[in-house]
Amino acid sequence: MILPKHVAIIMDGNGRWGIQKKKSRNYGHSKGIKVVENIIEEAVSKKIKYLTLFTFSTENWKRPKSEIRFLISILEKYIQKELNNLIKKKIKLKIIGNLDKFPKSLKLKLRNAEKLTRLNKKIQIIIALNYGSKEEIINTVKKLNNSSISINEKNISDNLYTKNIPDPEILIRTGNRNRLSNFLLWQLSYTEIYFVSKLWPDFTRKDFSKIINNFSKVKRNFGGIK
Ligand code: IPE
Ligand code: IPE
Ligand code: MG
């Protein structure tokens, strides 16, 4: 069985789930964060080495302040609560995206968690926060240009947030929307994409596992003939 090394997920549909349950969008976000814990466990049991989670995009600042504040607060609580577990379970945490726009307290907690888990080898959880792929590519090209490093495929890959991380073999997007929403545009060039109609809070370990099993049957050509 061919297992993917890297799975990326666009965890979409929390807000609609909350409304469907006749509660608030924020209620959906609270449920969504619990699902993350299950999927991390399943990824570990499938021996996946990198799991990237799209958590907040550069475009999500367009949302109402109250929703943004709620997302920041549950994230901060989550990292505070889970840090010891991450250490115990040998999970490495990495953040991609620009953290400068978030409150200092959240930024410090995240950087501290990265530092304390940096040597862990079980799995790397990559949280995309205030992440936008176009911004990432522009910053990378500017950086190469300013340092007169030649602009080629390898040098661009080696200067993205995801340097040293293999491109995802699988992208999953829940929430019945068939788009990428500015996520990992460079890194997903040859990724197998699975659009799932379930909303993120309804996504289960079994759903995840089925996708991983299906992937092992996919013939990947990378432009050639096999
Ligand atoms: C979660 O889903 C993704 C985040 C930006 C946190 P949404 O909040 O986009 O939920 P829907 O798509 O509006 O249902
Ligand atoms: C993508 O979902 C961003 C995250 C899951 C963090 P959105 O809900 O922001 O995407 P659009 O606006 O429907 O494209
Ligand atoms: Mg959405």
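The values are calculated or read from the model by the stated rules, or taken from the named source; none is laboratory data. In this text, all values refer to a predicted model and were calculated from it rather than measured experimentally. For neighbour counting, all protein chains shown are included, and Cβ atoms are generated from backbone atoms with ideal geometry for every residue, glycine included. The protein model used for the area step is the full one, side chains on, heavy atoms only, and it has no ligands, DNA or RNA in it. Shrake-Rupley method; radii C 1.70, N 1.55, O 1.52, S 1.80 Å.
Laid out as a table, the results:
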{"item": "Residue ID - nearest to I212 (Cα to Cα), chosen from residues in region 138-195 that are within 16 Å of ligand 2 (Cβ to nearest atom) and of a type in the set (D, E, K, R)", "result": "R173"}
{"item": "Hits in region 117-140 - residues which are open to solvent by less than 90 Å² (accessible area, probe 1.4 Å) and either at pLDDT below 95 or closer than 14 Å to K89 by Cα (or both)", "result": "T117, N120, I123, Q124, I125"}
{"item": "Residue ID - most open to solvent (accessible area, probe 1.4 Å), chosen from residues in region 212-226 that are of a type in the set (A, V, I, L, M, F, W, C) and under 11 Å from I2 (Cα atoms)", "result": "V218"}
{"item": "Leading residue by the ranking (surrounded by the fewest Cβ atoms within 10 Å (Cβ to Cβ)) among those in region 171-181 that are away from ligand 3 (no atom under 12 Å from the Cβ) and closer than 17 Å to V7 by Cα", "result": "L180"}
{"item": "Every residue from region 86-103 that is in a helix (DSSP H, G or I) and within 19 Å of the chain's Cα centre (by Cα)", "result": "L86, L99, D100, K101"}
{"item": "Criterion (surrounded by 12 or more Cβ atoms within 10 Å (Cβ to Cβ), away from ligand 1 (no atom under 16 Å from the Cβ) and assigned to a loop (DSSP other than H, G, I, E, B)) met by exactly one of L184, L160", "result": "L160"}
{"item": "Index of the failed condition, K62 passing every other in (1) crowded, with 18+ Cβ neighbours inside 10 Å; (2) within 12 Å of ligand 3 (Cβ to nearest atom); (3) of a type outside the set (A, V, I, L, M)", "result": "(1)"}
{"item": "Pair list, Cβ under 7 Å, 6 or more apart: region 12-39 residue farther than 10 Å from D202 by Cβ and free of Cβ contacts under 8 Å to residues at least 12 places away in the same chain, other residue part of a helix (DSSP H, G or I) and within 12 Å of ligand 2 (Cβ to nearest atom)", "result": "I19/R25"}
{"item": "Criterion (touching a Phe, Trp or Tyr at 6+ places or on another chain (Cβ under 8 Å), away from ligand 3 (no atom under 16 Å from the Cβ) and either over 21 Å from K5 (Cβ atoms) or not charged (D, E, K, R) (or both)) met by exactly one of Q187, Q124", "result": "Q124"}
{"item": "Residues that are within 16 Å of ligand 3 (Cβ to nearest atom) and open to solvent by 40 Å² or more (accessible area, probe 1.4 Å), drawn from region 1-20", "result": "R16, I19, Q20"}
{"item": "Residues satisfying the stated conditions in region 187-205, i.e. part of a loop (DSSP other than H, G, I, E, B), touching a residue at least 40 places away in the same chain (Cβ under 8 Å) and open to solvent by 70 Å² or more (accessible area, probe 1.4 Å)", "result": "K198"}
{"item": "Number of the exception - E82 against (1) under 26 Å from L180 (Cα atoms); (2) crowded, with 17+ Cβ neighbours inside 10 Å; (3) among the charged types (D, E, K, R)", "result": "(1)"}
